[in-house]
1. In what sequence, largest accessible area first, do M54, M169 appear using a 1.4 Å probe?
2. Once you order the gyration tensor axes a ≥ b ≥ c over the Cα atoms, which shape class does segment 72-151 get: rounded for a/c under 1.5, otherwise prolate or oblate by comparing a/b with b/c?
3. Check each of the trypsin sites (Lys or Arg not before Pro) in segment 62-124 and keep only those in coil by DSSP with at most 11 other C-beta atoms within 10 angstrom; list them in order.
4. Please state the charge dipole magnitude for segment 78-141, taken about the Cα centre, from unit charges on C-beta atoms (+1 on K and R, -1 on D and E), reported in debye and rounded to the nearest 20.
5. How far apart, in nanometres, would the label points at F33 and D141 be if each is projected 7 angstrom from Cα along the Cα-to-Cβ direction?
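The values are calculated or read from the model by the stated rules, or taken from the named source; none is laboratory data. Here the structure is a predicted model, which means the values were calculated and not measured. Here the Cβ positions follow ideal geometry from the backbone for every residue, glycine too, while neighbour counts run over all protein chains shown. Surface areas here come from the heavy atoms of the whole protein model, side chains and all, with no ligands, DNA or RNA. Shrake-Rupley method; radii C 1.70, N 1.55, O 1.52, S 1.80 Å.
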Amino acid sequence: MECGDRRQHGWFDILFFWMDNMSYKAKKCGVRFEPPAIILVYEKDEEKSRQRIMPVRNFSKFSDCSRAAEQLKNNPRHRQYLQGVSLKQLEKLYKLLKGHLKGESLNVSLDIIRREETVDPEEDLNKLDDKELAKKKSIMDELFEKNRKKKDDPDFEYNVEVDFPQDRMVESCGWDDESEDGF
């Protein structure tokens with residue numbers, strides 16, 4: 001099958017065409033504030049780095065960042081280039097742009113995003129609404145998967161036994177001190 005020849009020859013040619021479109025490898029992804037755009041640095045077929053500028057249109061300080069990220073990722077013109085970029089990364093870039101449109105400095109926007117993506121161990125999750133709780137659980141699940149040891153990891157151990165020192169005093173939990181029944 002020559003380059004300009006797109007006749008159908010069977011499943012092999014369809015697979016070849018599909019693999020030809022999968023050859024974009026994202027290297028860096030960033031945001032430009034003026035004029036607003038998402039910028040992707042990528043390689044195609046191990047060639048030199050190229051840059052793709054995707055203008056951001058119809059986006060304001062009131063826009064939904066996750067929806068805008070989904071629309072960009074599913075856009076037929078940009079879809080093949082953004083396969084290596086996570087939806088979460090695109091959402092962060094839109095949040096930075098949104099902060100800029102609100103008049104926030106880059107450092108303030110980054111701090112807000114960092115706080116949204118971490119779980120404070122002292123925070124009472126019982127006081128959160130369902131949406132915020134789901135978001136915090138998602139963050140905890142992602143952190144768990146990132147830190148989890150898998151069977152394929154080089155430092156994986158199957159049966160780990162740990163002896164805890166007995167010379168220290170055992171701390172009691174606050175929740176069982178109030179029990180009158182002794183359970």
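1. Sorted by accessible area, descending: M169, M54.
2. Cα axes put segment 72-151 in the oblate bin.
3. Of the trypsin sites (Lys or Arg not before Pro), the ones in loops of segment 62-124 whose Cβ has at most 11 other Cβ atoms within 10 Å are R77.
4. Dipole of segment 78-141, to the nearest 20 debye: 440 debye.
5. 3.5
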